[in-house]
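Colleague: Questions regarding the structure given below will be posed in turn.
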């Protein structure tokens with residue numbers, strides 16, 4: 001792998017004394033009012049002010065917490081930053097000197113995607129792992145409203161009239177063995193607090209970004225469109241995962257259309273950040289897994305959809321039409337631009353340039369949008385060390401990269417976002433055809449053998465290499481496989497949103513007693529909450545009838561729903577009711593709820 005260590009086209013190195021050796025840029029934001037370009041870094045926790053013309057850092061400040069998103073006020077003198085993961089904080093920052101003016105609670109776990117109300121009196125944020133969007137009174141720094149959505153909201157946009165919020169849910173909710181399993185866009189009516197959902201095509205998951213068109217008429221959504229209904233016998237033509245763009249009609253609060261961002265023989269893996277050209281005629285979308293930028297003519301795209309998708313079609317109609325057509329981008333002459341960095345996760349347009357942060361290489365790429373032939377202009381490198389000298393970081397890149405995959409259709413993260421689950425059942429070939437299994441989390445997979453629901457792979461190391469060979473359809477490079485192992489071993493559980501100040505709630509403490517008295521602890525002993533054995537629970541069907549299944553760890557069970565090998569159980573309470581290997585339970589409904597809360601607190 002070639003690591004770019006020179007700055008191109010006039011950009012210069014920064015002083016090692018003031019520049020961090022390696023950073024992870026997670027967000028770039030721009031304020032037209034004062035022509036300020038800021039970059040946020042997850043590690044180390046930094047905010048950097050960039051001189052756009054000179055390509056230098058004008059100012060930088062350390063932040064107390066890891067940032068995740070930010071928004072300017074209209075005047076450009078204040079910046080609101082979401083941060084601090086499970087302890088959710090909002091930082092109000094003076095953009096003149098980057099000093100923190102206020103620090104208050106986001107009201108939930110892992111705040112993301114802050115949006116200001118039209119009157120700038122309220123701040124809306126996604127609290128991802130509380131499955132909610134919150135409204136915060138900025139004057140008081142207090143939560144005013146909580147709006148429940150489906151599952152893990154990661155991006156929100158406010159309608160032009162300020163009356164509705166559109167929230168993108170990362171993952172599908174509900175059972176994985178249902179006929180329809182798809183992520184949705186939640187629409188929050190800010191006048192009456194009602195929440196309704198817009199269905200995306202069946203298989204939609206891993207929503208990357210939402211963006212409101214300059215005219216306010218449409219919202220564009222980047223996401224994966226999984227083909228989970230078929231066995232994983234091949235990968236050509238997006239047989240396993242395709243990569244999509246869905247368009248929401250804001251006024252109708254309905255799906256306008258879904259198109260594929262892939263070409264017939266080349267995927268556009270893990271679509272992420274969305275933006276618009278200065279004149280609003282082109283849509284910009286990054287491929288996080290493929291290190292690319294797509295530039296799409298919006299007039300041609302909408303014309304294509306209007307011709308192919310008559311009004312009144314449902315999400316499933318779209319799924320069988322344009323959402324299956326790999327020729328769409330070719331027909332409208334989409335331009336694909338290879339970026340020099342790795343992991344393009346955020347973009348903004350300022351003047352005639354697009355600025356794109358590249359998470360893994362620690363870089364900021366600049367593209368010139370002023371010419372007819374849009375193209376790469378220059379790159380800014382943060383730091384003075386090879387970002388991949390850290391094997392864990394290199395392994396994380398490989399896990400999220402489509403470069404390992406034949407024709408770049410997908411990455412490991414396509415089915416395991418953040419190394420966890422996508423909420424879908426997949427019919428892998430390691431245990432036959434016709435018996436799909438629920439996607440499993442990679443957390444602690446290397447210390448809880450065997451791997452796979454039936455324990456087909458004796459170790460996670462074997463499973464990683466089998467995944468490269470049989471899911472990525474590529475030859476195994478042992479050095480890269482070892483790096484992925486090291487990354488997966490580095491994963492640590494997120495504190496549960498059910499915890500109370502990092503401790504068990506009173507109800508969960510009661511549940512812990514039932515966990516012991518009901519015999520749960522026998523098969524799920526701490527610290528890993530699994531005995532590493534397999535059991536026949538008499539719930540196997542078809543080819544899996546009378547087979548023993550791997551006993552999974554219960555750690556982070558709160559984020560791995562649905563449950564059981566076939567994803568047939570939606571909630572922990574339901575799982576406890578039906579899964580009782582030691583006979584009929586005497587627990588009351590209240591006691592069972594306490595037990596469920598304890599398990600969900602692990």
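Colleague: Fully extended, how many nm does the chain gain between residue 102 and residue 251 (0.36 nm per residue separation, minus their Cα-Cα distance)?
Modeller: 50.0 nm
Colleague: Label the stretch 282-431 by shape, choosing from rounded, prolate and oblate, from the square roots a ≥ b ≥ c of the eigenvalues of the Cα gyration tensor; if a/c is under 1.5 it is rounded, and otherwise prolate applies when a/b is larger than b/c, oblate when it is not.
Modeller: It is oblate, given that a/c is not under 1.5 and a/b is not larger than b/c.
Colleague: Can you sort 276, 129 from fewest to most other Cβ atoms within 10 Å of each residue's own Cβ? Mind showing how you got there, number by number?
Modeller: On the way: 276 19, 129 23.
With the sparsest Cβ surroundings first, the list reads 276, 129.
Colleague: Residues of the stretch 404-444 with backbone nitrogen within less than 16 Å of a virtual label 7 Å along the Cα-to-Cβ line of residue 492, please, listed as ranges.
Modeller: 443-444
Colleague: Let me ask something additional. Let me have the 222 nm mean residue ellipticity of the chain computed from DSSP H runs of 4+ only, each contributing -39500 (n - 2.57), with the sum over all residues rounded to the nearest 500. Write out the running numbers ahead of the final one.
Modeller: Working: 10 runs with 90 residues, N = 602.
Here the helix-only value at 222 nm equals -4000 deg cm²/dmol.
Colleague: Now for a separate question. What's the angle, to the nearest 10 degrees (0 to 90), between helix 506-517's Cα axis and the longest principal axis of the chain?
Modeller: 40
Colleague: On to the next question. Quick one: order 148, 440 by neighbouring beta-carbon count within 10 Å, fewest to most.
Modeller: Values: 148 13, 440 20.
Ascending Cβ contact count within 10 Å gives the list 148, 440.
Colleague: Still on this structure, I have one more. Checking the a/c ratio against 1.5 first, then a/b against b/c, what shape does the Cα gyration tensor give for the stretch 197-354? Each step should come with its number before you reach the end.
Modeller: Working: a/c = 1.61, a/b = 1.10, b/c = 1.47.
Judged from the Cα gyration tensor, the stretch 197-354 comes out oblate (a/c at least 1.5, b/c at or above a/b).
Colleague: Another one. Could you pull the Rg and Dmax for the chain, using just the Cα atoms, both in Å?
Modeller: My reading of the Cα-based Rg and Dmax gives 23.7, 73 Å.
Colleague: To the nearest Å, what is the center-to-center distance of the stretch 135-202 and the stretch 204-240, using C-alpha atoms only?
Modeller: Each part's Cα centre sits 18 Å from the other's.
Colleague: For residue 53 paired with residue 177, estimate the spin-label separation in nm (one decimal), with each label point 7 Å from Cα along the Cα-to-Cβ line.
Modeller: Those two pseudo-labels are separated by 6.5 nm.
Colleague: Moving to a separate point now. On full extension of the chain, what length is gained from residue 227 through residue 265, given 0.36 nm per residue of separation minus the C-alpha to C-alpha distance? The partial results should precede the final answer.
Modeller: On the way: separation 38, 0.36 × 38 = 13.68 nm, distance 1.64 nm.
That pair, residue 227 and residue 265, stretches by 12.0 nm at full extension.
Colleague: What FRET efficiency comes out for residue 570 versus residue 279 if R0 is 56 angstrom and r is the Cβ-Cβ distance? Round to the nearest 0.05.
Modeller: Details: r = 46 Å, r/R0 = 0.83.
That gives a FRET efficiency of 0.75.
Colleague: Let me ask something else. Over all directions, what mean area does the Cα convex hull of the stretch 436-475 project, stated in square nanometres? Walk me through the numbers before you get to the answer.
Modeller: Working: hull surface 11.5 nm².
Average projection, Cα convex hull of the stretch 436-475: 2.9 nm².
Colleague: OK, next. What angle do you read, to the nearest 10 degrees and between 0 and 90, between the alpha-carbon axis of helix 298-308 and the longest principal axis of the chain?
Modeller: 50
Colleague: Right, another one. Just how many % of Cα pairs in the stretch 455-577 lie over 23 Å apart, if you round to the nearest whole percent? Don't skip to the end; give the middle numbers.
Modeller: Numbers: 3468 of 7503 pairs.
Summing the P(r) tail past 23 Å for the stretch 455-577 gives 46 percent.
Colleague: Distance between Cα centroids, the stretch 412-431 to the stretch 100-122: provide it in whole Å.
Modeller: 33
Colleague: Could you tell me the distance between the Cα centroids of the stretch 435-456 and the stretch 500-579, to the nearest Å?
Modeller: If you average the Cα positions of each part, the centres end up 14 Å apart.
Colleague: Okay, next question. If I stretch the segment between residue 528 and residue 385 completely, what's the gain in nm (0.36 nm per residue apart, minus their alpha carbon distance), one decimal?
Modeller: Details: separation 143, 0.36 × 143 = 51.48 nm, distance 3.66 nm.
Length gained, residue 528 through residue 385: 47.8 nm.
Colleague: Specify whether the C-alpha gyration tensor of the stretch 395-490 places it in the rounded, prolate or oblate class, a ≥ b ≥ c being the square roots of the eigenvalues: rounded for a/c under 1.5, otherwise prolate if a/b is larger than b/c and oblate if not. Please list the in-between numbers first.
Modeller: Values: a/c = 1.41, a/b = 1.17, b/c = 1.21.
Rounded, because the longest to shortest axis ratio a/c is under 1.5.
Colleague: Something else now. Normalised radius of gyration for the stretch 506-600, please: alpha carbon Rg relative to 2.2 N^0.38 Å, two decimal places. Intermediate results must be reported in sequence, preceding the final value.
Modeller: Details: Rg = 13.1 Å, N = 95, 2.2 N^0.38 = 12.4 Å.
This ratio for the stretch 506-600 stands at 1.05.
Colleague: Now for a different question. If all Cα-Cα distances of the stretch 29-148 are sorted into 10 Å bins from 0 onward, what percent lands in each bin, rounded to whole numbers?
Modeller: Using 10 Å bins, I get a P(r) of 15, 48, 30, 7, 0 for the stretch 29-148.
Colleague: Here is a further query. Between residue 302 and residue 370, what FRET efficiency comes out of the Förster formula 1/(1 + (r/R0)^6) with R0 = 30 Å and r the beta carbon distance, rounded to 0.05? Provide the component values of the computation, followed by the final result.
Modeller: Details: r = 24 Å, r/R0 = 0.79.
E between residue 370 and residue 302, to the nearest 0.05, is 0.80.
Colleague: Could you please rank 82, 56, 560, placing first whichever residue has the fewest other Cβ atoms within 10 Å of its Cβ? Let's see the in-between values first.
Modeller: Numbers: 82 29, 56 14, 560 19.
Listing 82, 56, 560 from fewest to most nearby Cβ atoms yields 56, 560, 82.
Quick note: the coordinates plus some simple rules give every number you see, no bench work behind them. As the structure is a prediction and not an experimental result, all values here were calculated from the model. Cβ sites come from the backbone with ideal geometry, for glycine too, and all protein chains shown count toward neighbours.
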